[in-house]
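Trainee: Sharing a structure below in structure tokens format, with a few things to ask.
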Amino acid sequence: MKIGIFIGLFLVLFSCIDTKKQAHLDQLTTLDKRIDSIQVEFEELKKDTISEILYKMMEVNTKIKGNIEDDTIGLSIAKKLETYGLIYRKLSSLEGYNEKILFGSQKAKNSIENLHKDIQEGNGARINYAKFVAFETKKVNELQTLLLDMEKLQHQGVSDYLSIRTSVENFANSLSKE
């Protein structure tokens with residue numbers, strides 16, 4: 001009888017222990033470090049001269065619009081001007097990435113910290129912890145993908161800009177000299 005009570009008491013106590021608690025906490029710590037890494041990479045990416053390039057492109061565009069008088073321009077320069085406009089739109093679209101990554105990473109960081117605290121303290125339904133960790137993992141993966149897309153778009157836009165910049169600026173300067 002005593003052995004039965006002891007086994008029953010042992011089973012009750014053991015069933016209350018969350019055996020996966022530490023694994024969930026470790027996963028959340030890893031996710032938190034990934035968010036920190038994403039934020040650092042994002043800040044490094046933002047240090048690039050995109051705003052300076054956009055400002056220069058606006059100046060050149062204003063100069064062209066303000067000084068062009070002839071309805072006909074050469075086909076090659078027309079193609080370059082069209083490409084120049086596409087590059088401007090591509091680089092301008094990076095602002096949307098900035099907001100998504102900046103706010104998304106901060107929101108994910110807060111969610112991870114709250115979930116970490118809840119798991120640590122044993123709050124909520126323990127059965128759902130794995131789902132919550134998986135959800136946070138998915139959000140972090142999406143942020144990482146977004147950052148990679150932003151980086152690719154930015155490098156391509158800057159590369160395209162550098163390849164066409166001189167000829168468009170020369171054209172704009174030739175208009176203002178006439």
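Taken together, the values in this text are just the output of simple stated rules run on the coordinates, not laboratory data. From a predicted model like this one, the values you see are computed outputs, not experimental measurements. Cβ atoms come from the backbone with ideal geometry, glycine included; neighbour counts cover every protein chain shown.
Trainee: Kirkwood Rh over alpha-carbon pairs of segment 70-131, then Stokes-Einstein at 37 °C and 0.692 mPa s: what D in µm² s⁻¹, rounded to an integer?
Mentor: The Stokes-Einstein estimate is 205 µm²/s.
Trainee: While we're on this one: Would you mind checking the tilt of helix 75-92 against the longest principal axis of the Cα atoms of the chain, expressed as 0 to 90 degrees and rounded to 10?
Mentor: Tilt relative to the chain: about 30 degrees.
Trainee: To the nearest 20 debye, what charge dipole does the chain have about its Cα centre, counting +1 at the Cβ of each Lys and Arg and -1 at the Cβ of each Asp and Glu?
Mentor: Value, rounded to 20: 740 debye.
Trainee: If the viscosity is 1.002 mPa s and the temperature 20 °C, what Stokes-Einstein diffusion coefficient in µm²/s follows for the chain when Rh is the Kirkwood radius over Cα pairs?
Mentor: In µm²/s, the coefficient is 104.
Trainee: While we're looking at this one, here's another question. Can you show me the helix-derived [θ] at 222 nm for the chain, built from DSSP H runs with n ≥ 4 at -39,500 (n - 2.57) apiece and divided by the number of residues, rounded to the nearest 500.
Mentor: -31000 deg cm²/dmol
Trainee: Would you give the gap between the C-alpha center of segment 111-178 and the C-alpha center of segment 25-85, rounded to a whole Å?
Mentor: Answer, in whole Å: 14.
Trainee: For helix 50-67, what angle does its Cα long axis make with the longest principal axis of the chain, in degrees from 0 to 90 and rounded to 10?
Mentor: 30 degrees
Trainee: While we're looking at this one, here's another question. What does the convex hull of the Cα atoms of segment 99-178 come to per residue, in Å³, rounded to a whole number?
Mentor: Cα-based convex hull of segment 99-178, divided per residue, equals 86 Å³.
Trainee: Between S163, S111, I87, whose Cα lies farthest towards the positive end of the dipole of segment 20-177 when Lys and Arg beta carbons carry +1 and Asp and Glu beta carbons carry -1, centred on the Cα centre?
Mentor: Checking the options against the dipole of segment 20-177, the answer is S111.
Trainee: Taking the 0 to 90 degree range and rounding to the nearest ten, how far is the long axis of helix 2-16 tilted relative to the main principal axis of the chain, both from C-alpha atoms?
Mentor: It works out to around 10 degrees.
Trainee: Continuing with this model, one more query. Please work out how much length the chain gains when fully extended from N173 to S37, using 0.36 nm per residue of separation minus the C-alpha to C-alpha distance, in nm with one decimal.
Mentor: 44.6 nm is the gain from fully extending N173 to S37.
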